[in-house]
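Notes follow the structure.
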Amino acid sequence: DDGGAAQGILRRQALRESAARIYARALPIVPVRARGMTVEGADGRRYLDCLSGAGALALGHNHPVALDAIRAVLDAEAPLQVLDLATPVKDAFTDELFATLPPGLAARARVQFCGPAGTDAVEAALKLVRTATGRDGLLAFSGAYHGMTAGALAASGGAPSSGVTRLPFPYDYRCPFGVGGEHGAELSARWTEKLLDDPKGGAPDPAGMILEPVQGEGGVIPAPDGWLRRMRDITAARSIPLIADEVQTGVGRTGAFWAVDHSGVVPDVMVLSKAIGGGLPLAVVVYREELDVWPPGAHAGTFRGNQLAMAAGAATLAYVRENNLAERAATVGARMLDRLRQFATGRRWIGDVRGRGLMIGLELVDPEAGPAGEAGNAAPVEHAEVGHPEVGHADGAEYAAGAGHPEGAGHAAGAGYATNTDREGTPGRAS
Ligand code: PMP
């Protein structure tokens, strides 16, 4: 019977696969069929996929629009892999992609097909800005996730790495400055400005700034629109390319086609994957044409011409755009946030309910500790010293506690803000 067969599959795979497995441990199911939001296990049970296929499915599982597009490529016996040759399928995908981009970028954009995963496109973006600027450093944020390859990993939070200056992401619930809200976001922006303008080289040689408009793996943390605009202004004023990693936030999920659209920010580079392939692996980096300084052959990859993914992706992008599904995600998401917040009332193990559109998260906490729990501060904020944030430090705790750079007193902002009670946020005041 299917139940017995499923148990056998689970047992054998548990013995043969790596210890890195995560979902397989928490969900001992054997999915065999899926449609829309529903995944059916071999035991006949049905599950709701609240992760949308790890974000790869803007239309749910096996949407007819994506399936028909895949079948059309197969029926035509079109080549499945075309490297970077031009094809009708790629032409249609590129048309659709450019039709969705922020107009300020689309007007003068270039696309590099990478592949097959989001992390590949992140690598390409980092390489591109380094080539274009001739600089080597990188500005990235606490709690960020950009992938599992070396460069993308280095840009992610929790991974100390040379050359990456870690900046505080405006994480309201666990504000690194201890104030939260717009004020916390503004302090994050000022921290960034101070570092960039630090004559002692607080942020060495930045080739770019990479950010997620809504942090995904970091815990569904939407960046305030005003903060994103500040980052745009700060980077533009210093000729630092701004890279928006929309691998997870794209294709309508947050209630706008791209999450940067909420703020009107036009990044110099956009990293796109997951849902753009309609469920199949596809990743691209899109950028302002002035950055296109690569000589021929400077970037390659065997799977950069996956026609099944481009066809499924083009059909998905078109369907989302033509049916205003981003708007629908905004409406349904607002309703869902509202209901979840009602649900959370009085349940102290739910620390926070947040999100944008249908990208929504509940933060589960130790009811006694609240935001000060696990990820809480290394030192109570009252005892924080003014410190210079050290390159490579990974999470918010360090900002609140002060990184304690020996030369930091007087010119760093973070810990000073954490102890600032008048909320004016004058850098360094609390020392
Ligand atoms: N960037 C972001 C924002 C992501 O969420 C992810 C994947 N969760 C990646 C990059 C990496 O994509 P992939 O897993 O396809 O390499």
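Average projected area of the Cα convex hull of region 155-218, in nm²? Present the calculation step by step, with values, prior to reporting the outcome.
Details: hull surface 19.4 nm².
If I average the Cα hull's projected area over directions, I get 4.8 nm².
Once whole DSSP H runs in the chain are found, which of them have Cα atoms spread over 20 Å or more along the helix axis and a mean Kyte-Doolittle score of at least -1.0?
TM-like helix candidates: 2-16, 118-133, 181-196, 307-322, 325-344.
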Ordering of 46-57, 224-235 by burial proxy (mean other Cβ atoms within 10 Å per residue, highest first) = 224-235, 46-57
Could you go through region 279-296 in sequence order and give the Karplus-derived ³J(HN,Hα) for each residue, using 6.51 cos²θ - 1.76 cosθ + 1.60 with θ = phi - 60°, rounded to whole Hz, and x for Gly and Pro?
-> x, 10, x, 7, 8, 9, 10, 10, 8, 4, 5, 4, 7, 7, 9, 5, x, x
So how compact is region 41-108: Cα radius of gyration and Dmax in angstrom?
-> 16.5, 52
Which of these, PRO88, PRO295, PRO204, has the largest mean-square fluctuation under a Gaussian network model of the chain (Cα springs below 10 Å)?
-> PRO295
For region 69-152, the Rg and Dmax computed from alpha carbons only, in angstrom | 16.2, 48
Quick one: check the C-alpha center-to-center distance for region 14-47 versus region 234-262, whole angstrom.
-> 32
Of ARG35, ARG16, ARG356, which has the largest mean-square fluctuation in a 10 Å C-alpha GNM of the chain?
-> ARG16
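Rounded, prolate or oblate for region 242-326? Axes are the square roots of the Cα gyration tensor eigenvalues, ordered a ≥ b ≥ c, and the cut-off for rounded is a/c under 1.5.
Cα axes put region 242-326 in the oblate bin.
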Would you work out the charge dipole size for the chain about its Cα centre, treating the Cβ of every Lys and Arg as +1 and the Cβ of every Asp and Glu as -1, and quote it to the nearest 20 debye?
-> 700
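To the nearest 0.05, how large is the calculated FRET efficiency for LEU10 and MET37 if R₀ is 30 Å and r is the Cβ-Cβ distance?
On the way: r = 23 Å, r/R0 = 0.78.
Step by step, r from the Cβ atoms, then E = 0.80.
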Charge dipole of region 326-372 built from unit charges on the beta carbon (Lys, Arg +1; Asp, Glu -1), centred at mean Cα; most positive-end Cα among ILE360, ALA329, LEU340 is ALA329
Who wins for biggest fluctuation among GLN13, GLN81, GLN248 in a Gaussian network model of the chain, springs between alpha carbons below 10 Å?
-> GLN13
³J(HN,Hα) across region 362-370 via Karplus (A = 6.51, B = -1.76, C = 1.60, θ = phi - 60°), whole Hz, x for Gly/Pro?
-> 10, 9, 8, 9, 5, x, 6, 8, x
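Write down Rg/Rh for the chain, rounded to two decimals, with Rg from the C-alpha atoms and Rh from the Kirkwood relation over Cα pairs. Show your work: numbers first, answer last.
On the way: Rg = 22.5 Å, Rh = 22.8 Å.
Rg/Rh: 0.98.
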Taking H as built 1.01 Å from N, whose amide H comes closer than 5 Å to the amide H of LEU167, not counting residues under 5 places away?
-> ALA140, PHE141, SER142
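Tally Lys/Arg at +1 and Asp/Glu at -1 over every other residue whose Cβ is under 12 Å from the Cβ of THR94; what's the total? All intermediate terms of the calculation are to be shown ahead of the outcome.
Numbers: positive: LYS90, ARG110; negative: ASP84, ASP91, ASP95, GLU96.
Net local charge, THR94 excluded: -2.
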What residues have an amide H closer than 5 Å to that of ASP352, excluding those fewer than 5 places away on the same chain, when H is modeled at 1.01 Å from N in the peptide plane?
-> GLU363
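If you average 1/r over all unlike Cα pairs in region 326-372 and invert the result, what Kirkwood radius do you get in angstrom? Working shown, then result.
Working: mean 1/r = 0.0901 Å⁻¹.
Result for region 326-372 stands at 11.1 Å.
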Against the globular-protein guess of 2.2 N^0.38 Å, express the Cα radius of gyration of region 2-49 as a ratio, rounded to two decimals.
-> 1.17
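Just the Kirkwood number for region 216-275, please: inverse of mean 1/r across all distinct Cα pairs, in Å, one decimal. Can you show the working numbers first?
Values: mean 1/r = 0.0838 Å⁻¹.
11.9 Å is the Kirkwood radius here.
Values quoted throughout were computed directly from the atomic coordinates according to the rules given, and no laboratory measurement underlies them. In this text the structure is predicted, and so the values were computed from the model without any measurement. Reconstructed Cβ throughout: ideal geometry from the backbone, glycine too, with neighbour counts over all protein chains shown.
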